[in-house]
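The values are calculated or read from the model by the stated rules, or taken from the named source; none is laboratory data. Every value quoted in this text rests on a predicted model; they were computed, and no experiment measured them. Note that each Cβ is placed from the backbone with ideal geometry, even for glycine, and that neighbours are counted across all protein chains shown.
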Amino acid sequence: MENFIEYSLPYRLTPMDHFKRMGYTIGLMLVGVLAIMYLGVIGILLCAGICYVSYRVFLSFNFEWEYTLLEDEIGFTKIINKERRREFLKASIAKTESYGPIANRPACNCKVRSFLTNQGEEPEYFWITYNAKGEKVCILFQPTPAVLDVFRVKARGKLR
């Protein structure tokens, strides 16, 4: 049985994300203005570089999570501003310790990785597994019904 599922969910900014985005942007712009005031012509060049960095930081808050399922391996990728991709994690469903709705999540002494979108449209699930380095990790994500079907087959008996 060959499985390939790919879908992406846009991330909705929380009020704290908006606050961080504005804080970083205004802070970097302030550094640029101070550079112009105290460094003169060199400060202008430095300010141009700082403005570019500020612009990229502002855009980095506009992203979506992409989930890719190939056979029994799920990859989590962050697509920033619809142009840059950054792969975060790949894990195998065969190594699943447990999974289920996020309300049933057990206490776990492991690293928690959240790939939630704050949308509330898709159901939120936890998945306790091992990453490529062999470390135990708890993944919070929003699977589609097709992905849950693969979990039911490949991780039979591990639903909480």
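So here's what we get for this one:
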read-out	value
Tally of residues being surrounded by fewer than 13 Cβ atoms within 10 Å (Cβ to Cβ) and part of a strand (DSSP E or B) across region 139-160	0
Positions within region 78-110 being free of Cβ contacts under 8 Å to residues at least 40 places away in the same chain and over 17 Å from TYR125 (Cα atoms), in sequence order	LYS78, ILE80, ASN81, LYS82, GLU83, ARG84, ARG85, ARG86, GLU87, PHE88, ASN109
Members of region 23-47 found to be over 25 Å from ASN118 (Cβ atoms) and without any contact (Cβ under 8 Å) to a residue 12 or more places away in the chain, listed by number	LEU30, LEU34, ILE36, MET37, TYR38, LEU39, GLY40, VAL41, ILE42, GLY43, ILE44, LEU45
Checklist (1) among the charged types (D, E, K, R); (2) assigned to a strand (DSSP E or B); (3) under 23 Å from MET22 (Cα atoms) applied to ARG56, failing item	(2)
Test: residue in region 72-81 that is in contact with a Phe, Trp or Tyr (Cβ under 9 Å, 6 or more places away or on another chain), among the small types (Gly, Ala, Ser) and not in a strand (DSSP E or B)	no
Residue check for THR117: among the β-branched types (Val, Ile, Thr) and within 13 Å of the chain's Cα centre (by Cα)	yes
Flag if LYS20 is assigned to a loop (DSSP other than H, G, I, E, B), without any contact (Cβ under 8 Å) to a residue 60 or more places away in the chain and within 19 Å of the chain's Cα centre (by Cα)	no
Considering residues of region 124-138 that are in contact (Cβ under 8 Å) with a residue 24 or more places away in the chain and touching a Leu at 6+ places or on another chain (Cβ under 7 Å) only, the residue surrounded by the most Cβ atoms within 10 Å (Cβ to Cβ)	PHE126
Any hit, region 111-123, residues being surrounded by 18 or more Cβ atoms within 10 Å (Cβ to Cβ), touching a Lys or Arg at 6+ places or on another chain (Cβ under 8 Å), in a loop (DSSP other than H, G, I, E, B) and in contact (Cβ under 8 Å) with a residue 40 or more places away in the chain	yes
Selection from region 83-99 of residues that are charged (D, E, K, R), surrounded by 12 or more Cβ atoms within 10 Å (Cβ to Cβ) and assigned to a loop (DSSP other than H, G, I, E, B)	GLU97
Members of region 108-160 found to be among the hydrophobic types (A, V, I, L, M, F, W, C), in contact with a helix residue (DSSP H, G or I) (Cβ under 8 Å, 6 or more places away or on another chain) and more than 22 Å from GLU66 (Cβ to Cβ), listed by number	LEU159
Yes/no for CYS47 being more than 20 Å from the chain's Cα centre (by Cα), surrounded by 17 or more Cβ atoms within 10 Å (Cβ to Cβ) and modelled with pLDDT under 90	yes
